[in-house]
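*Asks:* Can you keep this structure in mind? I'll have questions shortly.
The values are calculated or read from the model by the stated rules, or taken from the named source; none is laboratory data. Everything numeric in this text was worked out from a predicted model, so none of it was measured. All Cβ positions, even for glycine, are placed from backbone atoms using ideal geometry, and neighbour counts span all protein chains on display. Surface accessibility is based on the protein's heavy atoms, side chains included, excluding ligands, DNA and RNA. Shrake-Rupley method; radii C 1.70, N 1.55, O 1.52, S 1.80 Å.
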Amino acid sequence: MKITQQEILAQAAVAESLRPVFAGKKAMVRTFGCQQNEADGERILGELVACGLTPTEELAEADVVILNTCAIREHAEQRVLGIIGSMKKEKEKRPQMLMGMCGCMAQEPHRQEQLMQSYPFVDFLFGTDMHHRVPGILKEVLSSRRQKQFVTDLPHSEFGVISEGTPVCRDSAYKAKVSVMYGCNNFCSYCIVPYVRGHERSRDSAEVLAEVEGLVKGGYKDIMLLGQNVNSYRGDMDFPALLEKCASFEGEYWVRFMTSHPKDASPALVRVMAEQQRVAKHFHLPFQSGNDRILSAMNRKYNREQYLEKALAIKERVKDVSLTSDVIVGFPTETEKEFLDTVELVKQVGFDMLYTFIYSPRKGTVAEKMEGRIPHEEQVRRFSYLSEVQNEIAQKNNDALVGKVLTVLSEGANEKGVPTGRSSGNKIVTFDTPVPRGQFCKVEIHTAKQYALGGKLLK
Ligand code: 5AD
Ligand code: SF4
């Protein structure tokens, strides 16, 4: 459902009316999880700024604090719960402070009551399709001293909105995240995302293009198009066409995207990456398992052979591409032999980076009800073994870059004061001479570590 302009304007008017209330006050949004959530966090902060609040990263000086949570794995939830616990002290010291929670955890049906009851100092909670309503939510919370909950209870086929023209407060002046679609219809058996982010819906291409053009004109150099599965983008053009258009504005910049589902990553998308100079040469293509029986139990809708074909085609067609992936180890009933199929696939493809996850049961998903859970120690063993295999591969891939000259987008200096940046393939590159952040430079690579390169700035 698209939120009407009338509703957006009404919220803007509420924000305006709150300005005197929040004048001189500060707000903090703490985001956990994926880039999609980070993009949401920037919109929520944008709404808070529109209400008259000034952004801060210091909890001690924040008058409004919002935790933008993630529910992807048990560990992510535990982190958030730990932090809410520690907020209690802050709230006792400053009872006037407003504390809210939002994001994927706040959208999980079984969590809402539990969060409100276990943490009575949390003033309000709102779901993943309520961002455009933040001013109205704050107004209601201010006028009632009771805990408030704002979450949709629509069925999956209707749950999910698109709002255009809402404020955004970006956390970087040269890297930007632009959502092109929201939600997910894939229902991988382990995954909570479709339940907490609703069904797939795409923004109009004209809106996306206008946002990207504005960013390029505003000096942004690295623009990431976001979606749970960008390949299911369905505007008045498909995703490869949208990407090509996003890469056609005047100026020096990169446009990249995250994430792709292998079943829909098309030859057209690979062609656009290969041909368009401004499309960053980074392809993140999660495979999740290298075994056909497990892939089927995960409801992934492709097999090992099909994945290999796509991954190898990307490596062949896109010069100097950096190929990365996600994998889950210890999925219910996964045997040692099936795990070794995953290891074998990792060796065959030779990823530049692999995000390895231990399977974590998520309430309400199909896999949660499966028998044959793998003991945690065994999951950890598989995790460590696969990480070792991958580390060797990453080192080899990076060794092959020594002597080459890479274009690097400077990120200023790292915590040790060393100049650092990212390559088109999103690899960390450190170098010898400072370059202002947000500027492109050329670096000749002299040293290679598993997950970082080092070199000399070329003048
Ligand atoms: N357990 C472990 N890893 C998961 N992922 C998604 N759901 C789970 C889960 N229940 C991983 C997948 C996905 C990445 C974002 O997180 O690998 O691609
Ligand atoms: Fe992102 Fe998924 Fe975590 Fe939500 S649950 S923040 S969509 S990774």
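*Asks:* Could you give the accessible area per residue of the chain, probe 1.4 Å, as a whole number in Å²?
*Replies:* Value for the chain: 44 Å² per residue.
*Asks:* OK, next. How tilted is helix 205-217 with respect to the longest principal axis of the chain? Cα atoms for both, answer in degrees (0 to 90, nearest 10).
*Replies:* Result, in degrees: 80.
*Asks:* Relative to the longest principal axis of the chain, what angle (0 to 90°, nearest 10) does the C-alpha long axis of helix 74-93 take?
*Replies:* Result, in degrees: 30.
*Asks:* Separate question: Take the Cα radius of gyration of segment 175-399 and divide it by 2.2 N^0.38 Å, with N its residue count; two decimals is plenty.
*Replies:* After normalising by residue count via 2.2 N^0.38 Å, the value is 1.06.
*Asks:* Continuing with this model, one more query. Tell me the mean residue ellipticity at 222 nm calculated for the chain from its helices only (DSSP H runs of n ≥ 4, each -39500 (n - 2.57), averaged over every residue, nearest 500).
*Replies:* -11500 deg cm²/dmol
*Asks:* In addition: Taking amide H positions as placed 1.01 Å from N in the peptide plane, with prolines and chain starts having none, which residues 5 or more places from R362, or on another chain, fall under 5 Å of its amide H?
*Replies:* Amide H to amide H, under 5 Å and 5 or more residues apart or across chains, R362 pairs with E368.
*Asks:* Using modelled backbone amide H atoms (1.01 Å from N, in-plane), which distant-in-sequence or interchain residues come within less than 5 Å of F287's amide H?
*Replies:* It is D326, by chain and number.
*Asks:* Using the per-residue mean of other Cβ atoms lying within 10 Å as a proxy for protection, in what order, highest first, do the peptides 171-182, 100-111, 353-364 fall?
*Replies:* 100-111, 171-182, 353-364
*Asks:* Taking the convex hull of the Cα atoms, report for the chain its projected area averaged over all directions, in nm².
*Replies:* The orientation-averaged projected area of the Cα hull of the chain comes to 22.0 nm².
*Asks:* Something else about it: Apply the Karplus parameterisation 6.51 cos²θ - 1.76 cosθ + 1.60, with θ equal to phi minus 60°, to every residue of segment 107-116 and state each ³J(HN,Hα) to the nearest whole Hz, in sequence, with x for glycine and proline.
*Replies:* 8, 6, x, 6, 8, 4, 4, 4, 5, 5
*Asks:* While we're looking at this one, here's another question. Counting only protein chains, not ligands or nucleic acids, how are R256, R133 ordered by accessible area (probe 1.4 Å), most first?
*Replies:* Descending order: R133, R256.
*Asks:* From the backbone phi of segment 412-417, what are the Karplus-calculated ³J(HN,Hα) couplings (6.51 cos²θ - 1.76 cosθ + 1.60, θ = phi - 60°) in whole Hz, Gly and Pro given as x?
*Replies:* In residue order, the calculated couplings are x, 10, 7, 5, 8, x Hz.
*Asks:* Amide H neighbours of V178 under 5 Å, counting only residues 5+ apart in sequence or on other chains, H built in-plane at 1.01 Å?
*Replies:* The list, which skips near neighbours in sequence, is M224, L225, L226.
*Asks:* Can you give me the pair-distance distribution of segment 5-155, C-alpha pairs, 5 Å bins, whole percents?
*Replies:* All Cα pairs, binned at 5 Å, distribute as 2, 10, 20, 24, 23, 14, 6, 2, 0 percent.
*Asks:* How large is the Kirkwood hydrodynamic radius of segment 276-343, in angstrom, based on all distinct alpha carbon pairs?
*Replies:* For segment 276-343, inverting the mean 1/r across all distinct Cα pairs yields 13.0 Å.
*Asks:* Principal axis lengths of segment 389-432 from Cα atoms, whole Å, largest first?
*Replies:* 31, 22, 16
*Asks:* Cα centroids of segment 141-201 and segment 25-91: how far apart, whole angstrom?
*Replies:* Their Cα centres are 15 Å away from one another.
*Asks:* Sticking with this one: Show me the GluC sites (Glu not before Pro) within segment 332-432 that DSSP assigns to loop and that have at most 14 other Cβ atoms within 10 Å of their Cβ.
*Replies:* E371, E415
*Asks:* Could you look at the chain and say what percent of its accessible area is carbon and sulfur, using a 1.4 Å probe and all protein chains?
*Replies:* Accessible surface attributable to carbon and sulfur in the chain totals 52 percent.
*Asks:* Treating the Cα atoms of segment 99-240 as identical point scatterers in vacuum, please give the log10 of the normalised Debye intensity I(q)/I(0) at q = 0.16 Å⁻¹, two decimals.
*Replies:* Normalising to I(0) and taking log10 leaves -0.97.
*Asks:* In the neighborhood of E444, defined by Cβ-to-Cβ distances under 12 Å, what is the net charge if each Lys or Arg adds +1 and each Asp or Glu adds -1?
*Replies:* Computed value for this residue: +3.
*Asks:* Heavy-atom accessible area of T407 with all protein chains present, probe 1.4 Å, nearest 10 Å²?
*Replies:* 40
*Asks:* Tell me which cysteines of the chain come out unpaired when the rule is another cysteine's Cβ under 4.7 Å.
*Replies:* C34, C51, C70, C102, C104, C169, C184, C246, C441
*Asks:* Also, I was wondering about something else. Calculate how steeply helix 304-317 sits against the longest principal axis of the alpha-carbon atoms of the chain, using the helix alpha-carbon long axis, and give the answer as 0 to 90 degrees to the nearest 10.
*Replies:* Taking Cα atoms only, the helix is inclined about 80 degrees.
*Asks:* Would you work out the relative contact order for the chain, in percent, from Cα pairs under 8 angstrom that are 6 or more residues apart?
*Replies:* 10
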